[in-house]
Amino acid sequence: MMKLMDSSVLKALYEKNIVLVSGMIVTTVIVCATTIKSALFLIYAFSTITFLSIMIASFLPRKIVFTLRIILYTLIASLVYVPVAMLAQHIFNTEVVQFGMYFPLLIVNAMLVSQTEVDYFRISKPKMLCSVIFYILGFDIVVMIFSFIREMISFGTVNGNIVGISLSTESLSKPFGGFILFGLFMAMFRFIMNIIKSWKAKSE
Amino acid sequence: MVIIKVLFASMLSNIIFSKALGISTILIASKNKTNLIRLSFVITFFTTVGSMLTYSADKAILNNKFNPLFWPMIYIIIISIIYISSLILLRVVSEVFFNKLKKYIHISAFNCIVLGALMITSELNQVNSSTEILFSDYFMMGLNSGLGFLVAAYIFKIAHVKLDSEDVPKSFKGYPILLIYIGIISMALYGISSI
């Protein structure tokens, strides 16, 4: 079990991180992850919709043809979206309005539509559960760190508190700022990973 | 002149550069140039036909005062109808075409760009609820979204050689440089549209 956990954690958190390495679910991160508050909402929305939908979808028989299965996955997600959105309206009222159509767009996220077929539904249930949790966690960590940096550079604040950065650039909170900043973030991640890899290879 | 206007509009209100919709799809498809163009045409088909069907759905939604929480489900049903009918139609018309295009249909149907395009079109109707939005407006919005993706795909196709060259540092190769490139174009378009 520990071995299974170890491999899933490593794969999901950095080797095959769903956003930083695979380039999936980038849209919401670029547009919506501008502050820590919005990151918290994105984490809540993505994690609950994806986890619950994948878990429910995993009970669908594999005999159903691919075309119908995909439709059923998204229909399940759109059903899951209803209670998730109802709860969100109570907890994150401002963020729900700010996100607009990007919130319901999470029902067609790549993790649910493509990863399920390629990866999760081909492995055993416990392994799948482990994998899904850590992939979601990988996404959540990236969103949190990225939003923290973006909020600091864009508004000079951390969770709404002014931290006294004189060179804040508000335009980085716009989608084009998100593209550039996330591109740099991805490159920095790769740079660090390459250093770790070469350091590991040397020590071996 | 009309074509230039449509192209200019699809550039300025580009669904990729201004709203970042379909980024994951374009990032994955950009690995293969032929894929990118074929995919763009299929996505344009989905956004256009989808918007046309959304016209009737929106009328029903607004007349019956459906809870907005269920709207995404209605759009998913619309996409599913186009998805299944296009697969059946292609199979009936030509087996060769079916085998060539089926993978693009699978990729195109359920992604941010198609669902997003339907939602944008629908938002247009809600914002202007006092004035009647015509069927042609829906058609044009859907076509515009698809063309936006096509234009973006073409821009990537042109830049692909330079973005893939040895001059690009190792850590920036692939997705990072592509995102920065999209960011720069997006910033330029944002500047033009603000004038």
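The values are calculated or read from the model by the stated rules, or taken from the named source; none is laboratory data. What you see is a predicted model, and the numbers here were worked out from it, not measured in a lab. Positions of Cβ are backbone-derived with ideal geometry, glycine not excepted, and every protein chain shown enters the neighbour counts. Each accessible area value is taken on the protein alone, full model and side chains, heavy atoms only, with ligands, DNA and RNA left out. Shrake-Rupley method; radii C 1.70, N 1.55, O 1.52, S 1.80 Å.
At pLDDT 80 or above, open to solvent by 20 Å² or more (accessible area, probe 1.4 Å) and out of contact with any helix residue (DSSP H, G or I) (no Cβ under 8 Å at 6 or more places or on another chain) - does that describe any residue in region B:44-59?
There is at least one residue in region B:44-59 that is at pLDDT 80 or above, open to solvent by 20 Å² or more (accessible area, probe 1.4 Å) and out of contact with any helix residue (DSSP H, G or I) (no Cβ under 8 Å at 6 or more places or on another chain).
Could you check, for region B:118-128, whether at least one of its residues is surrounded by fewer than 20 Cβ atoms within 10 Å (Cβ to Cβ), outside any helix (DSSP H, G or I) and at pLDDT below 85?
yes
Is region B:169-178 home to any residue that is within 14 Å of another protein chain (Cβ to nearest Cβ), at negative phi, among the small types (Gly, Ala, Ser) and touching a residue at least 24 places away in the same chain (Cβ under 8 Å)? Can you show your working first?
Taking region B:169-178 first, the residues within 14 Å of another protein chain (Cβ to nearest Cβ) are B:169-178.
Subset that is at negative phi: B:169-173, B:175-178.
Filter once more, keeping what is among the small types (Gly, Ala, Ser): B:171.
Okay, now just the ones that are also touching a residue at least 24 places away in the same chain (Cβ under 8 Å), so none.
The answer is no, given that none of the residues of region B:169-178 is within 14 Å of another protein chain (Cβ to nearest Cβ), at negative phi, among the small types (Gly, Ala, Ser) and touching a residue at least 24 places away in the same chain (Cβ under 8 Å).
May I ask you to list the residues in region A:91-114 that are assigned to a helix (DSSP H, G or I), open to solvent by 30 Å² or more (accessible area, probe 1.4 Å) and away from chain B (no Cβ under 11 Å)?
Restricting attention to region A:91-114, the residues satisfying the condition of being assigned to a helix (DSSP H, G or I) are A:91, A:93-102, A:104-108, A:110-114.
So of that shortlist, the ones also open to solvent by 30 Å² or more (accessible area, probe 1.4 Å) come out as A:91, A:93-94, A:97-98, A:100, A:114.
Across region A:91-114, the qualifying residues are A:Ile91, A:Asn93, A:Thr94, A:Val97, A:Gln98.
Only one of A:Lys197, A:Lys127 is within 13 Å of chain B (Cβ to nearest Cβ), open to solvent by 30 Å² or more (accessible area, probe 1.4 Å), part of a helix (DSSP H, G or I) and basic (Lys, Arg); which? Quick ask: steps written out before the conclusion?
Numbers: A:Lys127 fails: within 13 Å of chain B (Cβ to nearest Cβ).
Exactly one residue qualifies, and that residue is A:Lys197.
Mind counting the residues in region A:41-90 that are touching a residue at least 24 places away in the same chain (Cβ under 8 Å) and outside any helix (DSSP H, G or I)?
Adding up the residues that qualify gives 2.
Let me confirm something: among A:Ser47, A:Ser22, which residue is more than 24 Å from B:Ala117 (Cβ to Cβ), open to solvent by 10 Å² or more (accessible area, probe 1.4 Å) and of a type in the set (S, T, N, Q)? Please lay out each step first, then the result.
On the way: A:Ser22 fails: more than 24 Å from B:Ala117 (Cβ to Cβ).
Every option except A:Ser47 fails the conditions.
Would you say A:Val118 is within 14 Å of chain B (Cβ to nearest Cβ) and modelled with pLDDT under 90?
Against the criterion (within 14 Å of chain B (Cβ to nearest Cβ) and modelled with pLDDT under 90), A:Val118 qualifies.
Does B:Asn111 count as more than 9 Å from chain A (Cβ to nearest Cβ), touching a helix residue (DSSP H, G or I) at 6+ places or on another chain (Cβ under 6 Å) and either of a type in the set (A, V, I, L, M, F, W, C) or closer than 18 Å to B:Phe17 by Cβ (or both)?
Working: more than 9 Å from chain A (Cβ to nearest Cβ): no; touching a helix residue (DSSP H, G or I) at 6+ places or on another chain (Cβ under 6 Å): yes; either of a type in the set (A, V, I, L, M, F, W, C) or closer than 18 Å to B:Phe17 by Cβ (or both): yes.
Taking the combined requirement at face value, the residue does not satisfy it.
Surrounded by fewer than 15 Cβ atoms within 10 Å (Cβ to Cβ), within 11 Å of chain A (Cβ to nearest Cβ) and polar (S, T, N, Q): is that true of B:Asn67 in this structure? Give the derivation first.
Details: surrounded by fewer than 15 Cβ atoms within 10 Å (Cβ to Cβ): yes; within 11 Å of chain A (Cβ to nearest Cβ): yes; polar (S, T, N, Q): yes.
For B:Asn67, the condition - surrounded by fewer than 15 Cβ atoms within 10 Å (Cβ to Cβ), within 11 Å of chain A (Cβ to nearest Cβ) and polar (S, T, N, Q) - is met.
Among the residues of region B:83-107 satisfying the criterion of being away from chain A (no Cβ under 11 Å) and surrounded by 14 or more Cβ atoms within 10 Å (Cβ to Cβ), which is modelled with the highest pLDDT?
So, considering only residues that are away from chain A (no Cβ under 11 Å) and surrounded by 14 or more Cβ atoms within 10 Å (Cβ to Cβ), the one modelled with the highest pLDDT is B:Leu90.
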